[in-house]
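The values are calculated or read from the model by the stated rules, or taken from the named source; none is laboratory data. Because the structure is a prediction, the values reported are computed rather than measured. We place every Cβ from the backbone using ideal geometry, glycine too, and count neighbours over all the protein chains shown. Accessible surface is based on the protein model in full, side chains and every heavy atom, while ligands, DNA and RNA are left aside. Shrake-Rupley method; radii C 1.70, N 1.55, O 1.52, S 1.80 Å.
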Amino acid sequence: MSDFPIGDGKEVVPTKYWHKLDDGRVQCDVCPRECKLKEGQRGLCFVRGRKNDQVVLTTYGRSSGFVIDPIEKKPLNHFLPGSSVFSFGTAGCNLSRRFCQNWDMSKSREMDTLADAASPEAIARVARENGCRSVAFTYNDPVIFLEYAVDVAEPVVNRT
């Protein structure tokens, strides 16, 4: 857990998957880490934390990077062969792997503050404008930005 300021002048989004504990802490329930937080603390993922007595997401609508990849680069078998996929991720990660090739994006506090604005609708629009038939969450585990990932998937599926 860390006591790095939550929100840091950026918007935060309340989350759904947490509960209060008898000792006054709140427990984040989105991943197996089950971070137990006091006011002002962030979880191991660094992007979910306790603010105003609830768990909030600090990276909603902000991406650490975008790239158009060939679908064959993804760990999928026979999914839209020959097509392009719009890949993006956020800061933060609930894993602690020293060998991770994306550690500079997923664990960097600077990346959290330097992230680009990316609304769910904008991601769907840019993917379509660039001929991408799909969107991939990449660079980190999307479970940590669950609310954002779900909202991104909706406009992509509904073709807004």
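When the chymotrypsin sites (Phe, Trp or Tyr not before Pro) in the range 4-87 are filtered for DSSP coil states and for at most 16 other beta-carbon atoms within 10 Å of their beta-carbon, the remaining sites are Tyr17, Phe79. The slack between Asp29 and Arg133, meaning 0.36 nm per residue of separation minus the straight C-alpha distance, is 34.2 nm.
In a fully extended conformation the segment linking Asn102 and His19 would gain 26.8 nm over its present Cα-Cα distance, using 0.36 nm per residue.
Ordered from highest to lowest accessible area with the whole protein assembly present and a 1.4 Å probe, Asp116, Asp69, Asp22, Asp151 read as Asp22, Asp116, Asp151, Asp69. Loop-located trypsin sites (Lys or Arg not before Pro) in the range 18-71 (DSSP state not H, G, I, E or B) with no more than 10 neighbouring Cβ atoms inside 10 Å do not occur. On full extension, the segment bounded by Val150 and Glu39 gains 37.3 nm, given 0.36 nm per residue less the C-alpha separation. Give a quick list of GluC sites (Glu not before Pro) in the range 29-100 that DSSP marks as loop, anything other than H, G, I, E or B, with at most 16 other Cβ atoms within 10 Å. Filter output for the range 29-100: Glu34, Glu39.
The candidates Leu95, Leu57, arranged from most to least accessible area with a 1.4 Å probe in the full protein assembly, appear as Leu95, Leu57.
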